[in-house]
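Bear in mind that the values in this text are calculations on the coordinates, not laboratory data. Computed from a predicted model, the values in this text were never measured in an experiment. All Cβ positions, even for glycine, are placed from backbone atoms using ideal geometry, and neighbour counts span all protein chains on display.
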Amino acid sequence: MIQLIKKYIALSLVLVFITLIAVACANMATPSGGAIDLEPPKVVRTSPGFNATQVEKGKITIEFDENVTIKNPSENVIITPPQKAFPIIRGENRKVTVELRDTLIPNTTYTIDFTNSIVDNNEENPLENFSYSFSTGDVVDSLAISGKVLTADNLEPVKGIYVGLHSNLEDSAFTKIKFDRISRTNDAGTFTIRGVAPGKYKLYALDDANRDYMYDNPAEAIAFMETIIEPTTERAVRNDTIFVEHDHDHDHEAETTNTNQNQPPKKEIDTIKAVEYTRFLPDNIVLRSFKSGFQRQFLQKHERSEHQLSIFFGAPTGMPEVEPLSFEKDKDWYILEKTPKNDTLIYWVKDPSILSIDTIAFRVTYMKTDSLNQSVPQTDTLKFIDRIRKKDKEKEEKEKKKKIKEGEEPEITFLTINNNLSSAWDTYKNIYLEFGEPIKDSLRSKIVLQQKKDSTYSDIPFQLLQDSVNPRKYTIKNRWAYGAEYQIKLDSASIYSIYGLWNNKLEQKFKVKNEDQYGQLAVWVEGIDSIPAFMEILDKSDKPIRKSRVIDNVAVFKDLDPGTYYFRVVLDRNNNGVWDTGDYNNKQQPEMVYYMGKALEVKANFEVEENNPAWRIDPTSMDSQKPLDITKQKPEDKEARRKKLEEKDEKNQSRNRNNRDGNSQQGNNRNNNSQYNNSYNTNNYNNTNYNQY
């Protein structure tokens, strides 16, 4: 009996002990607090060592002081000389290994540029601009050049474009030979080509989709320098600032403990030291990337609708020759509508007898791009099949006649007229009218434009222009007066399409804004010399709003809506009013674009003359002149990143606190259950003992 009692007591003690352990374990949590870690991982050792010589095997191991990860190595890690077979790159715990699969070239410096791909596991802090070099010979080439790549038409930093050097100075090297040394731009568009030997080079940028490191596809974006580069070095001095860190002010420690515990230590300047270093030159190169305008020409498709025969090409092309095979060629059978560069052709068929043909065939001769990227004539026979069944048309016609016979009014289909009219109007706007189908006769006599004077609308003259490529579109121009009221009218059934549709009535009144609702702006610009140029006003998304010619060094913008505007100038060398791209085959750079480094505020009823000082064009500041507000490819904001990490840390701490509270409650429940079970077991034992007794 005594043994049995001892056994139950021991069992109860074991249960209590297990419960206490469970509660203690449940309340454990990850320590938190302290400054956010923004430090990148540090290299502890490498094998072979940095700048090792006489290296025979292409396996490299780099060890760090913490666990690391490699982000997108196939995109971010650059091996130079360029490799045919991409290396095997692994990140495991604190080590990164790189195995070169190509045979090592004798007496060559190899550089592995990790860019910003190596990050720590915790906060993903990148080891920026990290590279490793070794040589298969006795010398490690150590020269470097650096700079930035910008998009030529809007000076946006170009991310992820290859930048390469050729020691072969022939122009054909770029199109037929791989680069000698390469790098790739980072998020800010900057690049550094390392491990360069002394000598003369030509520099290029290439958006190399197939990674063959040569310009063999004219659709790829490129940049090139006309001048020859000779890398060199010089001794230079920079000022290094040494900071000291200390905790936050303890005067109000009791009040601010919770606030300060997650804040980084304060930094104060301790000393500023002049430090000598080796400066690698050139280090301020600016390349302007562009696409040549080349597009592969081909016949994309052709189709037939109720009144149209349409031909679609894959790129702008010359006007093709279209010869009918199903009817006489001399017939006046169509009205042609097209895009400005002929990549879409729409033939509105006027002749009902041709529309009645089930299959209309044409012989079409057009320019097609061959395998050598040359444009050659191509002739195809195109068949346009009527896929709208005649039975459906006959059925539709019978239903219409039946409704008329039964006295029902048939539904009228009007000729559509799209327009840009609105009740509030700007002085610089033109009226656009676009009809759903080509129309008959002259439009001028059908349009009535009137101005309100002394409460009466009177007819006024206007200029009417038919679009040069779209015969259904018309422009009405007029010099609108400030604050004046106008109306435009088109009577119903005054206009007929070539297929018999007539228009519904159109009537719109509109009032032009008052002069005091606009701002007036004149911008002076220097440094253009005698080169033709135009200036564009840009909105906050870098989109052009208005354009004006620069005449006698000034561009005038009348009647601007109040707002904040940005500006760029295009040096329009061929004076055609648009920005033109470059052409490597003709060694032609794209037209130069410059940005004003600040925004201008335009206010209502104000005249602004930006001439004190005038905007001076500065080719040397091209990499920094575009305002950050309208730059899409912005550099990383480390302070914003710190705040983001702090918010993440706070969420983790809150989650841990909730887990601790929940686990604590679970532990209490388990403890209560254990006590209940112990009490139950004791009573059960007593009952058993009583019964036995």
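Okay, here's what the table says:
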item: Distance between segment 360-387 and segment 323-337 - C-alpha centres, whole angstrom; result: 17 Å
item: Around I417: net Lys/Arg minus Asp/Glu count, Cβ-Cβ under 13 Å; result: +1
item: Computed FRET value (nearest 0.05) for T620 with E399, which takes r as the C-beta separation and R₀ as 56 Å; result: 0.15
item: Segment F414-T241, length gained on full extension (0.36 nm per residue, minus Cα span); result: 54.6 nm
item: Peptides ranked, highest mean first, by Cβ atoms within 10 Å: ranges 200-206, 517-523; result: 200-206, 517-523
item: Segment 525-630, dipole about Cα centre (Lys/Arg Cβ +1, Asp/Glu Cβ -1), debye to the nearest 20; result: 160 debye
item: Projected label distance in nm at K331 and L169, using a 7 Å step from Cα toward the beta-carbon; result: 6.6 nm
item: Sorted by Cβ density within 10 Å, fewest first, the residues W480, W502; result: W502, W480
item: Whole-Å distance, taken between Cα centres, linking segment 551-615 and segment 119-143; result: 42 Å
item: Packing-based order for 530-538, 504-512, using average beta carbon neighbours within 10 Å, highest first; result: 530-538, 504-512
item: Value of relative contact order over segment 288-377, rounded to a whole percent, pairs C-alpha under 8 Å and six or more apart; result: 30 percent
item: Residue order, fewest to most beta carbons within 10 Å, for I193, I105, I360, I460; result: I105, I460, I360, I193
item: Relative contact order for segment 490-585, counting Cα pairs under 8 Å that sit 6 or more residues apart, in percent; result: 26 percent
